[in-house]
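Engineer: Take a look at the following structure, please.
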Amino acid sequence: MNLYEWLETILFFIVLLAMVKPFGAFMARVYQGDKTFLSPVLVPCENLLYRVCGVERDEEMDWKRYAVGLLLFNLLGGVALFSILLLQHLLPLNPQKLPAFSWHLALNTATSFMSNTNWQNYAGESTTSYFTQMFGLAVQNFLSSATGMVVAIALIRGFVRKKTSAIGNFWVDLTRSTLYILLPLSLVFAIFLVSQGVIQNFSPYKTVPLVQPVTGTTTVKEVTIPMGPVASQEAIKELGTNGGGFFNANSAHPFENPTPLTNMVEIFLILLIPGALTQTFGRMAGNPRQGWALLAVMLAILIFAMGVLYWAESAGNPLVAKLGVHGINMEGKDTRFSLAGSSLFAVATTGTSCGAVNTMHDSLTPLGGLMPLSLILLSEVIFGGVGTGLYTMLAFVVIAVFIAGLMIGRTPEFLGKKIEVREMWLSMITVLTSGILVLVFSGIAMMVPSAVASMANPGTHGLSEVLYAFASMSNNNGSAFAGLNGNTVFYNLTGALCMSIGRFAPIVASLAMAGSLAGKKYVPPSLGTLPTDKAPFALWLALVILIVGALTFFPALALGPIAEQLMMIR
Amino acid sequence: MSKHAPQPISIFDPRIMRPALVDSFKKLDPRALWRNPVMFAVEIASAITLVTFVMSLTGANKEPAWFTGLVSVWLWLTVIFANFSEALAEGRGKARAASLRKTRTNVTAKRLKKPEFGSSYETVPAPELRKDDYILVEANDLIAGDGDVIAGAALVNESAITGESAPVVRESGGDRSAVTGGTTVIANAIIVRITANPGETFLDRMISLIEGAKRRKTPNEVALEVLLIALTLVFLLVCANLSPLSIYSVKAAGQGTPVSLTILVALFVCLAPTTIAALLPAIGIAGMDRLFQKNVIALSGRAIEAAGDVNVLLLDKTGTITLGNREAVAFVPVGGHTEQEVAEVALMASLTDETPEGRSIVSLAKSKHGLQLALPADAENIPFSADTRLSGLNTDGKQYRKGAADSTVAFAKGLGAQSIPANLGEVVDKIARAGATPLVVSRDTEILGVVNLKDIIKGGIQERFQQLRSMGIRTVMITGDNPLTAAAIAAEAQVDDFLAQAKPEDKLRLIKENQEAGYMVAMTGDGTNDAPALAQADVAVAMNTGTQPAREAANIIDLDSNPTKLLDIVEVGKQILMTRGNLTTFSISNDVAKYFAIIPAMMLSIYPQLETLNIMRLATPLSAILSAVIFNAVIIPLLVPLALKGTKFRPMPAEKLLIHNLLIYGVGGMVAPFVGIKGIDLVVASFL
Amino acid sequence: MKELKPAILLLIIFTIICGGIYPAVVSGIASVAFPNKAKGSLITDKSGKEIGSSLIGQPFSDPKYFWPRPSATTEFPYNPLASGGSNLGPTNSAYLKTVAERVKAIKDLGVSGTIPADLVQASASGLDPHISPEAAQVQIARIGKARGLAEDTVRKLVAAHTEDRQLGILGNPRVNVLALNLELDKLAQ
């Protein structure tokens, strides 16, 4: 890394770390119903909403009711989006007269946005109308992020509360997530993004002449530049770790990510809520150190992955070097971002379940591409999605605490709650569901000739594409080794299945765990209690995460990126 | 007293080895193995390799038959080794149970028509006895079932149960009324009310516990199994996933062969947490057995594990912290009386007192003050009662009393005492503050002075409490003493807290309060008045000499009736958990090396570049896979001694302990198979 | 079902707030505060006709123009309706062949020495408006020859169109190809 890249990276993490604590505290206040600086404006709005919708703001729910509300709400949202996609040609705000989606693409896309995945088997600029982008996709971007956040908050309440079945009110949590956290931040950052060149308009696409017309097989004298309300979508896409690009090139597109500064701001937005939620957790649990310990584990793995990715890309492609082109691997990267900016984006977007990209992961060197893939395969806990990162991480904590507890000769406990059979089942479901989906469906894909035919690259890299696709969908990431042609009946349907199971099985398990934990009594710490907020446990937690991931995927990775890397460097 | 703990039987003893070997094969029955899902999966895997072996022989499978055959053999051995470890652990218990069972056979009982001596009886076999039957037990009779003595007193030999040869007195009423089936009356006759139906007696429970027949999995064990099953499922899918991936890769690379079924199955077994799954049953059984060697019977595995979690330990002062006998060391006069007078009155008040304290007062009065008083003929013994908290005697119209200061003063005032010597309070406080027990003596309304009864703290007790403290366990001393005395003794013995002047309901309340605050409470007790508190405590240790209610309320029985045993129980409880945790970590860490052995081997034909991953430089792909399989199997018997003995418990803070165990079993678990597999490969390769 | 009412109503209300009001508010503020940027940073010629966007690259293959990054968009390079990268893997023989061809094309027009990677490897967006200063550097001689300009003139022009790192540290220094080529054309007039 050159000096500027060091500065850029270090500065970034300083800003991020400076922001997570106050913002985490703010979120804690929001969810606890305390007064914040937004309360004077928003409390009346909130109360009006509750009155209209028939929500009792002080009525608490047990985990089952909470889960029913959540599932119902998400299902309705998915159905609404599915309908919009199928009826796109009939709906307004469609200046390009774009046709409706095919049923299976609509199903895939609706599931994808409902589940916070934002896997895109379509190219935004050529398939989706402004209406679809705004009232379909962006709405789900808000609501699916809010859904993830409330599950994390419910789980925190499970750890904090004693001998109760109540874990909060889903409607209130959902409303507060959206009104107090997602909307205000999106608004501010959307306007900032416009100031840097991200477009925001409702005009029809612009046709401009080419300075030098393209000649050859076809002659092109003018081109059509797509337009649209991009900035408003861009802000929530990063903030809510959704990742669905307005355009096909996603955050590599100059209209989505025009400058190095927007690049850094977008990475910041991706990591902000997942990072700050660790602090919300520490604060609500009355143990800020615990929040920092989780954040430290996330940060350490993220920075390690970034280092490897940077190193692999800067070492370049030896096969290209043979052609007389040395230096970093620039395939699939835009010039304005430094390699540090591209690497950081790649690990941030995959460590979280965002999935926006400013670099084409498919064209990374094998070792470089292994980093985003691995971060996804670790079940999205390295910051993780908004909310999902925290609740999945807490499931890992439960498992780590369990084994560590046995090793020191105590019935395992975390934050004063005993970890028993039920918690083990539920955290195993939370942690392993996505891995199981990846193994099952990548295996099936390899047996389906049409699925193999979707690969854009041959050999090991093709296998990596399929593995990445199912990893991304099952973990609700949404980024891709995008050469793979996913818009086939096979990928659309298996993908929809992976995305919905990968999303809702862990959510229900986490809510059940919240319910089970909330019902337990509190065991005060003693000398024999393992401190979970200090370095040894943090290290152990990191090891558990890495080992579970490595043991699950090493064989598959050996046939993909690992074999490819070895072939490339020999 | 001569004690003999049950002889530890060596696991290499042929009496255990031989049946264990037979059992390891019997346990291959899938219906039995189903209880251990991981090993059940391994058995299915082994069966599959048997099929591929037959296919190799017939040429339907291209792999060399020696290879599939050897893999199959070692996979079967993996299951057998697992069964063997369990059988071995059970074997020791079974041998012990067999000797106990002998005492149960051919016992007859004299069932009484009416519960009184002289009533007619019929002779019935022991199994026909029911609850609330009355039996007569005379000298040299075996007591046919558990029960309470309701009439008479007898000398009973309980060595069959406790291993203690000195006979004990069992008599009706009080705290020594419980008798256990299988013990023998040596002298006198008693009438016993049967309190347990056949099959539910203490002996029955003990036998089934030791045999492990009724062993129920503890919650922690089930939770661990959840983890192991989930991991096994994932590894199953990992292997299933590899098949289509390798088929694709062969096509894509245009060379090599897809991974064969035999190798996939071998990989699965190597990855599955077989080591811990194989040893898991043995760890629990062996833990119970270790306790039994220490003369402790845990009535459930759950109780032992709970012992490992105890935060608060309630200990009776007497007999635990101090030697049972307090000794009188001085007579201190108050209010103008002389020391001689105090000695005389104290002696009078103690003449009928057979407690060690009473006797020590008598002997002090005799030796130091030369007093020789015979028991007056009209002496009326006033025994100590929990209500008055006084004892003494009445004679010649005079009431001699001794007791705690407040009780004695209250008694004197009750008789009409006008004034209490002014310096009494001061003297009492002084003695109490020094950790001794002040016993105030009175004659009618007159308070004469104070006996200084000194508690003698057991040697080395402070270290044990220190040990408990470092384990995070708070010790609370329970005593009937007054707060000052209790505080002084507590300070000297270095307990963390004390409950003075404790009545049964105080103990119960203390336990409830602690539990309410989330603590796990352990308590030792023996008296009937301890029963409610014992029933409430999470870990309740009853002394075998205790009353039937106390024993029934408890979940752990200490046959030696030694209250500090709780330390041992806590230790074993922790050991069981630690052994499980450590072996789990070891088992999972092993997989790293196994991957490095098997993955390059199985994919080498497709991508020769993967040879780079063969960091152990194993000779050939087949030898690499075989070595991993062999290592995976032999590590089980190699770890059996560890599973049976348990990992050594070191009292140290949790965090240090974690690091310590992670270094040994985590890092060790990663390194060991690298060394082991390489070593085995060297041997295997030399045969190829 | 008790939860059905809030589910339906909240979905409708949030659809209006997040899908309608929010983008409308952002658009409103943006169109007032940053009208040009909100509309795509469009470049106009003297007559006020829109001739491109400073953020969207255009394809140039004529030796007299600076060449941009290779673009992998479908139909034709720099197709704004088909943004995206090549998604070719690093060991893909088709990819290596393409790179070799690009290297050859550049060398054929007189570039010797090391070739900057960004000139032969396709961008992520397929619309990358920039090239590295090094990539501009190696093209100066060719432009000078094709246009009959002194190399120094071209070099100065490149220097004038080289953007430094943003805020002094962020990103890479870069040259906007479309702006530079428009400037070259202006010079020729």
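The values are calculated or read from the model by the stated rules, or taken from the named source; none is laboratory data. Because the structure is predicted, anything quoted here is derived from the model rather than measured. Virtual Cβ from ideal backbone geometry, glycine too; neighbours counted across all protein chains shown. Just the protein is used for accessible areas: all its heavy atoms, side chains included, with ligands, DNA and RNA removed. Shrake-Rupley method; radii C 1.70, N 1.55, O 1.52, S 1.80 Å.
Engineer: Could you give the dipole magnitude of the protein assembly as shown about its Cα centre, charging the beta-carbon of Lys and Arg +1 and that of Asp and Glu -1, in debye to the nearest 20?
Structural biologist: With only Lys, Arg, Asp and Glu charged at Cβ, the dipole is about 1960 debye.
Engineer: Of the options B:LEU448, B:GLY416, B:ALA144, report the single residue whose Cα projects farthest towards the positive end of the charge dipole of the protein assembly as shown (beta-carbon charges: Lys, Arg +1; Asp, Glu -1).
Structural biologist: Of the candidates, B:ALA144 comes out farthest on the positive side.
Engineer: Still on this structure, please answer the following. Give me the distance in nm between label points sitting 7 Å out from Cα along the Cα-to-Cβ direction at B:ASP387 and A:LYS534, one decimal.
Structural biologist: Each label point is offset 7 Å from its Cα along the Cβ direction, giving 5.5 nm.
Engineer: Based solely on its DSSP helices, what 222 nm [θ] is calculated for chain A when runs of n ≥ 4 H residues each add -39,500 (n - 2.57) and the sum is averaged over all residues, nearest 500 deg cm²/dmol?
Structural biologist: -20500 deg cm²/dmol
Engineer: Also, I was wondering about something else. Of C:ALA117, B:LEU233, B:THR180, which is farthest along the charge dipole of the protein assembly as shown in the positive direction, counting Lys and Arg as +1 and Asp and Glu as -1 at C-beta?
Structural biologist: So the residue furthest toward the plus end is C:ALA117.
Engineer: Could you please state how large a percent of the accessible area of segment A:21-288 is carbon and sulfur, counting protein chains only and using a 1.4 Å probe? All intermediate terms of the calculation are to be shown ahead of the outcome.
Structural biologist: Details: 4970 of 7880 Å².
Answer for segment A:21-288: carbon and sulfur cover 63 percent of the accessible area.
Engineer: Another question about this same structure. For a label point 7 Å from the Cα of B:GLN255 along Cα→C-beta, name the residues of segment A:457-474 whose backbone N is under 15 Å from it.
Structural biologist: A:460
Engineer: Something else: In terms of the Cα gyration tensor, with a ≥ b ≥ c the square roots of its eigenvalues, is segment B:281-347 rounded because a/c is under 1.5, prolate because a/b exceeds b/c, or oblate?
Structural biologist: prolate
Engineer: Given axes a ≥ b ≥ c from the Cα gyration tensor, I'd like to know whether chain B is rounded (a/c under 1.5), prolate (a/b larger than b/c) or oblate.
Structural biologist: Prolate, because a/c is 1.5 or more and a/b exceeds b/c.
Engineer: Mind ordering B:295-306, A:151-162, B:615-626 by average Cβ neighbours within 10 Å, highest first? Walk me through the numbers before you get to the answer.
Structural biologist: Working: B:295-306: 22.8, A:151-162: 25.0, B:615-626: 20.1.
So the order, starting with the most tightly packed, is A:151-162, B:295-306, B:615-626.
Engineer: With +1 on the Cβ of every Lys and Arg and -1 on the Cβ of every Asp and Glu, and nothing else charged, how large is the dipole of segment A:396-496 about its Cα centre, in debye rounded to the nearest 20?
Structural biologist: Dipole of segment A:396-496, to the nearest 20 debye: 220 debye.
Engineer: Would you be so kind as to identify which of A:MET393, A:SER203, A:GLY78 lies farthest towards the positive end of the dipole of chain A, taking Lys and Arg as +1 and Asp and Glu as -1 on Cβ and the Cα centre as origin?
Structural biologist: A:MET393
Engineer: Want the number for C:GLU101 to C:THR153: 0.36 nm per residue separation, take away the alpha-carbon distance, what's left? Walk me through the numbers on the way to the answer.
Structural biologist: Details: separation 52, 0.36 × 52 = 18.72 nm, distance 3.00 nm.
Difference between extended and current length: 15.7 nm.
Engineer: Counting other Cβ atoms within 10 Å of each Cβ, which trypsin sites (Lys or Arg not before Pro) in segment A:479-552 have at most 16 and sit in a DSSP loop?
Structural biologist: Passing both the DSSP loop test and the Cβ count: A:LYS521, A:LYS534.
Engineer: Tell me what chain C gives for mean residue ellipticity at 222 nm when only DSSP H runs of n ≥ 4 count, each as -39,500 (n - 2.57), the sum divided by the residue total, rounded to 500 deg cm²/dmol.
Structural biologist: That comes out to -12000 deg cm²/dmol.
Engineer: Right, next: Could you let me know the centre-to-centre spacing of segment B:427-472 and segment B:598-635, using Cα atoms, in angstrom?
Structural biologist: So the two Cα centres are separated by 71 Å.
Engineer: Straight-line reach from B:LYS251: which lysines have a Cα under 25 Å away, not including same-chain ones fewer than 8 places off?
Structural biologist: Partners within reach: B:LYS62, C:LYS97.
Engineer: Right, next: By a straight-distance test (C-alpha under 18 Å), which lysines pair with A:LYS35 as possible cross-link partners, with residues fewer than eight away in the same chain excluded?
Structural biologist: Reachable lysines: A:LYS21.
Engineer: Here's a follow-up. Suppose R0 equals 60 Å; then what is the FRET efficiency for A:THR217 and B:ARG35 from their Cβ-Cβ distance, rounded to the nearest 0.05?
Structural biologist: The computed FRET efficiency comes out at 0.25.
Engineer: Looking at chain C, identify the longest residue range that excludes and avoids all trypsin sites (Lys or Arg not before Pro) in DSSP loops having at most 11 other Cβ atoms within 10 Å.
Structural biologist: Numbers: sites that count: C:LYS2, C:LYS46, C:LYS49.
The answer is C:50-189.
Engineer: Next question. With labels modelled as points extended 7 Å from the Cα through the Cβ direction, what inter-label distance (nm, one decimal) is found for B:THR355 paired with B:LYS398?
Structural biologist: Label-label distance for B:THR355 and B:LYS398, simple model: 2.3 nm.
Engineer: Right, another one. Can you pull the mean other chain C-beta count within 10 Å for peptide C:110-118?
Structural biologist: So the per-residue partner count for this stretch is 4.
Engineer: Now for a different question. Restricting attention to segment B:340-416, which GluC sites (Glu not before Pro) occupy a DSSP loop and are surrounded by at most 12 other Cβ atoms within 10 Å?
Structural biologist: Listed in order of number, the matching sites are B:GLU354.
Engineer: Ok, one more. Could you give the size of the charge dipole of chain B about its Cα centre, using +1 on the Cβ of each K and R and -1 on the Cβ of each D and E, expressed in debye and rounded to the nearest 20?
Structural biologist: 2200
Engineer: Oh, and also: Run the helix sum for chain B: -39,500 (n - 2.57) per DSSP H stretch of 4+ residues, divided by residue count, reported at 222 nm to the nearest 500 deg cm²/dmol.
Structural biologist: Value at 222 nm, helices only, nearest 500: -17000 deg cm²/dmol.
Engineer: Return the average number of partner chain Cβ atoms within 10 angstrom of each residue Cβ along peptide A:173-185.
Structural biologist: The mean count of partner-chain Cβ atoms within 10 Å per residue comes to 2.
Engineer: Further, regarding this structure: Which of rounded, prolate, oblate describes the protein assembly as shown, given a ≥ b ≥ c as roots of the alpha-carbon gyration tensor eigenvalues and a/c under 1.5 marking rounded, otherwise prolate only if a/b is larger than b/c?
Structural biologist: Here the protein assembly as shown falls in the prolate category.
Engineer: Spelling out what I want: for every residue of segment C:73-81, take phi, set θ = phi - 60°, compute 6.51 cos²θ - 1.76 cosθ + 1.60 (Karplus), and round to whole Hz; glycine and proline get x.
Structural biologist: For segment C:73-81, the Karplus curve yields 5, 6, 6, 8, x, 6, 7, x, 8 Hz.
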